[in-house]
Amino acid sequence: MKHSKLSPVQPIAVRTRRAYFDCKFGQLHVRTAFPTTGGFDEQVTLFCLHPSEGSSRTFDRLLPEIADQRSVYAPDLPGFGESDAASRLTFADAAGAMSDLASDLRLRQIDVLGVRYGAAVAVELAAARPALVRRLVLVGVPLLDRMPVVKQETLVLRIQPGADDTSWAKGVLPNARFVELADYAADLVDAAPKTLAKQINAFLKGEGSPRAAQ
């Protein structure tokens with residue numbers, strides 16, 4: 001009798017789960033994704049910080065794509081999603097909660113991806129904890145009256161055509177690189193997760209200047 005040859009089952013590249021961690025504002029709800037390599041070949045851990053109109057769900061499609069090489073944590077920032085509410089919350093307060101999360105996880109160094117509101121929180125965290133934050137990826141950085149100077153290597157993904165970031169970027173982000181991704185507009189994270197993950201991973205691994213999505 002002739003037996004058909006079965007295709008081998010492909011291993012799952014990424015494990016995902018949800019968890020809660022304590023911070024100064026109560027509990028943080030966090031979506032996590034991990035590679036199945038056991039951690040031996042992992043790159044630096046990545047925090048993903050969502051926009052004000054979203055939550056950690058913003059990164060549902062990105063997490064499986066980017067966590068094949070590193071552990072990724074996408075928290076609901078205090079007062080958002082399933083995290084506890086906060087009576088007052090500045091960018092610095094939210095950054096403090098992320099600092100607490102990194103301490104709970106015993107992480108000595110992280111990279112941070114921030115989208116709009118999350119980008120402002122990422123900048124505050126990088127300024128407050130320069131030894132903790134290694135590199136930044138910022139999407140749609142809001143123009144603020146006061147932004148701290150951060151010296152970390154930064155990738156700024158522009159989602160507004162012709163946005164003039166240079167006036168404040170030279171002072172605030174002296175080591176920034178800019179990539180135009182206006183075609184994806186506000187849906188960048190959800191519209192092109194594979195392309196975005198490839199760009200981010202290349203930048204975080206220091207593989208030269210990232211190329212814009214085609």
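Within the range 120-157, take every residue that is part of a strand (DSSP E or B) and either in contact with a His (Cβ under 8 Å, 6 or more places away or on another chain) or open to solvent by 20 Å² or more (accessible area, probe 1.4 Å) (or both) and give me the one that is nearest to residue 177 (Cα to Cα). Only one residue fits best here, namely 153. Candidates in the range 57-85 are the residues that are in a loop (DSSP other than H, G, I, E, B) and aliphatic (A, V, I, L, M); of these, the one that is modelled with the highest pLDDT is 77. Every residue in the range 86-119 that is in contact with a helix residue (DSSP H, G or I) (Cβ under 6 Å, 6 or more places away or on another chain) and either in a loop (DSSP other than H, G, I, E, B) or open to solvent by 10 Å² or more (accessible area, probe 1.4 Å) (or both), please. If the condition is that a residue be in contact with a helix residue (DSSP H, G or I) (Cβ under 6 Å, 6 or more places away or on another chain) and either in a loop (DSSP other than H, G, I, E, B) or open to solvent by 10 Å² or more (accessible area, probe 1.4 Å) (or both), then 91, 92 are the ones that fit.
The values are calculated or read from the model by the stated rules, or taken from the named source; none is laboratory data. Worth saying up front: this structure is predicted, and the values here are computed from it rather than measured. Glycine also receives a Cβ, built like all others from the backbone with ideal geometry; neighbour counts cover every protein chain displayed. The accessibility values were calculated without ligands, DNA or RNA, using every heavy atom of the protein model including side chains. Shrake-Rupley method; radii C 1.70, N 1.55, O 1.52, S 1.80 Å.
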